[in-house]
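Asks: Input: one structure, supplied below.
The values are calculated or read from the model by the stated rules, or taken from the named source; none is laboratory data. Predicted model only: the values in this text are computed from it and were never measured. Because the Cβ atoms are built from the backbone with ideal geometry, glycine has one as well, and the counts that use them run over all protein chains shown. These area figures cover heavy atoms from the full protein model, side chains too; ligands, DNA and RNA do not enter into them. Shrake-Rupley method; radii C 1.70, N 1.55, O 1.52, S 1.80 Å.
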Amino acid sequence: MAKQRTFSIIKPDATIANNTGGINKLIEESGLRIIAQRRIHMTRVQAERFYAVHAERPFFGELVDFMISAPVIVQVLEGEDAISKYREVMGATNPAEAADGTIRKLYAKSVGENSVHGSDGVETAAEEIPQFFSESEIVG
Ligand code: ADP
Ligand code: MG
């Protein structure tokens, strides 16, 4: 498997709880490299676009409100098989089902406030990264 890039967000529950460093430690211990990173307060327009795939889901409004409720850290991670590796490091969407040692098991509060986002495929990563970073801001 070749070197790959994935898009990550450290979500509002985690920035509020001061878990940014703890989450970055787990990312780096997994072998993934943080090759771009910025703290932002997402706008409603950005959050609605980012989660447009979930627009018809009953939790969409709640999800957008949550994502703009406090600052987030947007990141690009790089490594071998980075997309599925980061999904493993994150753990299941619902922290009650997340494996021991995963970010969501350690830090997430609920299925909605679940501390991190990670791209779910090659096409998704390619669509998500440019929403927040230009190529010159990504330094691998
Ligand atoms: P993942 O973030 O693990 O890829 P999904 O893509 O299915 O999960 O969902 C996107 C985000 O929407 C989740 O991370 C979570 O913040 C929120 N979400 C998903 N399911 C629910 C739910 N049943 N209730 C509230 N929020 C949810
Ligand atoms: Mg998803």
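Asks: Treat every Asp and Glu Cβ in the range 12-115 as -1 and every Lys and Arg Cβ as +1, leave all other atoms uncharged, and give the resulting dipole magnitude about the Cα centre to the nearest 20 debye.
Replies: Working: 12 positive and 14 negative charges, 55 e Å.
It works out to roughly 260 debye.
Asks: So what is log10(I(q)/I(0)) for the chain at q = 0.13 1/Å, when the Debye sum runs over its Cα atoms only?
Replies: Log10 I(q)/I(0), no solvent term: -0.50.
Asks: Given a 1.4 angstrom probe, what's the average accessible area per residue across the chain, in square angstrom? Present the calculation step by step, with values, prior to reporting the outcome.
Replies: Numbers: 7250 Å² over 140 residues.
So the chain comes to 52 Å² accessible per residue, rounded to a whole number.
Asks: Nearest 500 deg cm²/dmol is fine: what mean residue ellipticity at 222 nm does the chain get from its DSSP H runs of n ≥ 4 alone, each adding -39,500 (n - 2.57), divided by its residue count?
Replies: On the way: 7 runs with 55 residues, N = 140.
My calculation for the chain gives -10500 deg cm²/dmol from helical runs alone.
Asks: Which order do peptides 64-75, 100-111, 45-56 fall in by mean Cβ count within 10 Å, highest first?
Replies: On the way: 64-75: 19.1, 100-111: 17.3, 45-56: 13.8.
By packing density, highest mean first, the sequence is 64-75, 100-111, 45-56.
Asks: Hey, any idea what % of the range 1-52's accessible area is carbon plus sulfur with a 1.4 Å probe? Write out the running numbers ahead of the final one.
Replies: On the way: 1350 of 2780 Å².
After summing per-atom areas, the C and S share lands at 49 percent.
Asks: Tell me, what is the percent relative contact order of the chain, built from C-alpha pairs under 8 Å that lie six or more residues apart?
Replies: 37 percent
Asks: Going Cα to Cα from Lys3, which aspartates and glutamates come in below 12 Å? Please leave out same-chain ones fewer than 8 positions away.
Replies: Glu78, Glu80, Asp81
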